[in-house]
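Down below is the structure, laid out as structure tokens.
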Amino acid sequence: GSFGVDLQRADIYLIKLDGDGNIEWNKTYGNVDAYDDAYNISLSSDNHLLLTGRYIVGGTFYCFFMKADLNGNPVIFKGFGQLNHRTYAFDVQETPDGDYLISGYTTIAKVDFMSNGDAFLLKLAPDGELLWANIFEPTEEDRNDFGFSIVFEDDGDYGLALESSSFQAIGGPQAP
């Protein structure tokens, strides 16, 4: 985060570095007087930057997907979420077939933003349109569960690493 768009709340801060770690350019993106945070960046097969994180509008946190050119100019920006809920995205990866997967945390399947959240996975088309969304609710006690990282298996399936407070761990009450 950085104070780029305004001086009240953090904004998305994107930096391009050369091979020696020197800054080539930097940009900020965000809404005035709102939190805007990027949590992950990856590179697509067509040489675009893929970013994901969260932003706030009207008191509601939404997750976002941003596709930008190599100069940091946004090509696509999409938000996902629901009013009076929290939705954060922590990873974005391109699938072998050219779509995008986003993992994160949301309270959409619950009463409101004060509820414990669940891990989710979104699949987007190359133009950023939503293909499908899955929320993963635990079968044991329902606490907070965060989908942090995505991997691809050789057979075309996905793996989702998450932090969970919903399952009994061998050594204690939480299983990160």
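The values are calculated or read from the model by the stated rules, or taken from the named source; none is laboratory data. Everything numeric here is computed off the predicted structure, so don't read it as measured data. So basically every Cβ, Gly included, is an ideal-geometry build from the backbone, and we count neighbours across all protein chains shown. Heads up: the accessible areas ignore ligands, DNA and RNA and are worked out on the full protein's heavy atoms, side chains in. Shrake-Rupley method; radii C 1.70, N 1.55, O 1.52, S 1.80 Å.
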query: Of the residues LYS78, LYS123, LYS67, which is open to solvent by less than 40 Å² (accessible area, probe 1.4 Å), basic (Lys, Arg) and under 30 Å from ASN26 (Cβ atoms)?
result: LYS67
Per-region count, region 39-61, residues of a type outside the set (Gly, Ala, Ser), open to solvent by less than 70 Å² (accessible area, probe 1.4 Å) and either within 15 Å of LEU101 (Cβ to Cβ) or in contact with a Phe, Trp or Tyr (Cβ under 6 Å, 6 or more places away or on another chain) (or both): 7
GLY19 vs. criteria open to solvent by 40 Å² or more (accessible area, probe 1.4 Å), assigned to a loop (DSSP other than H, G, I, E, B) and more than 17 Å from PHE146 (Cα to Cα): yes
- prompt: Which ones in region 141-160 are modelled with pLDDT of 85 or more and closer than 20 Å to PHE90 by Cα?
  reply: PHE148, SER149, ILE150, VAL151, PHE152, GLU153, ASP157, TYR158, GLY159, LEU160
- prompt: Taking region 89-120 as the search range and keeping residues that are of a type in the set (A, V, I, L, M, F, W, C) and closer than 20 Å to PHE152 by Cα, which one is most open to solvent (accessible area, probe 1.4 Å)?
  reply: PHE90
